[in-house]
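Each remark here refers to the structure printed beneath this line.
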Amino acid sequence: MIKRLLVTGAGGRLGHLLREPLKGSAEILRLSDIIDISPSRPGEEVVRCDLADRAAVDTLARNCDMILHLGAISGEASFDALIQANFLGTYNLYEAARKAGVRRILFASTNHVIGFHPVGEGLDDRSERRPDSLYGVSKCFGEDLSRLYYDKFGLETACLRIGSCFEAPKDRRTLSTWLSPRDFLSLVRKLIGAPVIGHLVLYGVSANRDAWWSNAHADFLGWEPQDTSEPYREKIERREGQPAGGSHYQGGRLATKGIVGKR
Ligand code: NAI
């Protein structure tokens, strides 16, 4: 078991979901967010930290073996907001990790780095990125930064292009992109436990019938998603009718929406 796992963005949706189940993956969970998190329980350390504050992030990463980097603005926003949390925050985290000798980062990327590919097109880790939003661009930056830190410094990263991680799929698009919380947890555990991962790009998606993304290149991990969106299909299709109304793009509404602050 690793000694200390830092989780950024631990006060958010996915952070809450993983807080209890991740115990057992590390002796100590260091939970951090810019917002207040409920006080630490046994086996936890809680640290409030703005990822845009370089000195604070340097301190945050000290004595950590691995990092699950969830902290970010998690949807489309103004460029100025994304600059702080997603661009500067991710840079600060990688620099702090390098200086602290962190071995591995699991970087919460997003499907919105490939969101302008049309619905139905099969993609893998080598497919061209086509971000559908400034948010998607900010995660492309994180993916590229992680590649630089692997090639230059040997700092391992798994870029997790998370689909839609909710209790259940919500609409026709998420029948393809759904990642069940259980599958997300098992993926994170596999990535923490793997002896070597190098630099990996992975799609965070359950075993959905109409998934567009392949993780065949990462078979060595032995991760097998257990859940599928099929049980939700009938209800969603009945509610939404024929596919014609949906977005043509894998990123859904983010691809068709304008840029925040621009007309
Ligand atoms: P969330 O928005 O609930 O949580 C993100 C957390 O990051 C929040 O608690 C927020 O306070 C924190 N944060 C924002 N700016 C910060 C800053 N400057 N310093 C420190 N912390 C800051 O998002 P969620 O759903 O938990 O997602 C976690 C990660 O996974 C995000 O990076 C998101 O982009 C990514 N992701 C999530 C998906 C999903 O289906 N939930 C899909 C694709 C990607």
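The values are calculated or read from the model by the stated rules, or taken from the named source; none is laboratory data. Everything numeric in this text was worked out from a predicted model, so none of it was measured. With ideal geometry, Cβ positions are generated from the backbone for all residues, glycine too; neighbour counts draw on all protein chains shown. The protein model used for the area step is the full one, side chains on, heavy atoms only, and it has no ligands, DNA or RNA in it. Shrake-Rupley method; radii C 1.70, N 1.55, O 1.52, S 1.80 Å.
Observations on the structure shown:
- Computed magnitude of the charge dipole of segment 1-88 (debye, nearest 20; Cβ of K, R +1, Cβ of D, E -1): 320
- Whole-angstrom gap from segment 44-89 to segment 135-196, using each part's C-alpha centre: 16
- Length gained when the stretch M1-E27 is fully extended (0.36 nm per residue, less Cα-Cα span): 8.7 nm
- Stretched out straight at 0.36 nm per residue, the stretch from V196 to Q226 would grow longer than its current Cα-Cα span by 8.5 nm.
- Protein heavy-atom surface of the chain, 1.4 angstrom probe: 51% of the accessible area is carbon and sulfur, with nucleic acids and ligands not counted.
- Across the alpha-carbon set of the chain, the Rg to Rh ratio works out to 0.96, Rh being the Kirkwood radius.
- Where labels lie 7 Å past Cα in the beta-carbon direction, separation of K99 and I35 in nm: 2.9
- Local net charge near D58, Cβ-Cβ under 12 Å (Lys/Arg +1, Asp/Glu -1): +2
- For the chain, lysine pairs with C-alpha atoms less than 26 angstrom apart, excluding pairs fewer than eight positions apart on the same chain, total 17.
- Neighbourhood charge, 10 Å Cβ-Cβ cut-off, centred on E156 and excluding it, Lys, Arg +1 and Asp, Glu -1: +2
- Fraction of beta bridges assigned by DSSP in the chain that are antiparallel (%, nearest 5): 5
- Calculated [θ] (222 nm, deg cm²/dmol) that DSSP helices of n ≥ 4 give over the chain, each run adding -39,500 (n - 2.57): -9500 deg cm²/dmol
- Amide N of segment 207-235 lying under 13 Å from the label point, which is placed 7 angstrom from the Cα of R189 along Cα→Cβ: 223-226
- Over segment 2-256, Cα pairs under 8 Å with separation of 6+ residues give a relative contact order of 17 percent.
- The gain in end-to-end length when the N63 to E45 segment is fully stretched comes to 5.3 nm, 0.36 nm per residue minus the alpha carbon separation.
- Given +1 at the Cβ of Lys and Arg, -1 at the Cβ of Asp and Glu and no other charges, the dipole of the chain around its Cα centre is 220 debye to the nearest 20.
- Efficiency of FRET between A81 and E234 - r from beta-carbon atoms, R0 41 angstrom, step 0.05: 0.55
- The modelled label-to-label distance for the pair A55/E128, using points 7 Å beyond Cα in the direction of Cβ, is 4.6 nm.
- Degrees, to the nearest 10: 230-240 long Cα axis against longest axis of the chain: 60
- Taking amide hydrogens as placed 1.01 Å from N in the peptide plane, the amide H of Y249 sits under 5 Å from those of V119, each at least 5 positions away in sequence or on another chain.
- Per residue value of the accessible surface for segment 2-256 (all protein chains in place, 1.4 Å probe), Å²: 44
- Cα-based shape type of segment 151-263, given that a ≥ b ≥ c are square roots of the gyration tensor eigenvalues and the cut on a/c is 1.5: oblate
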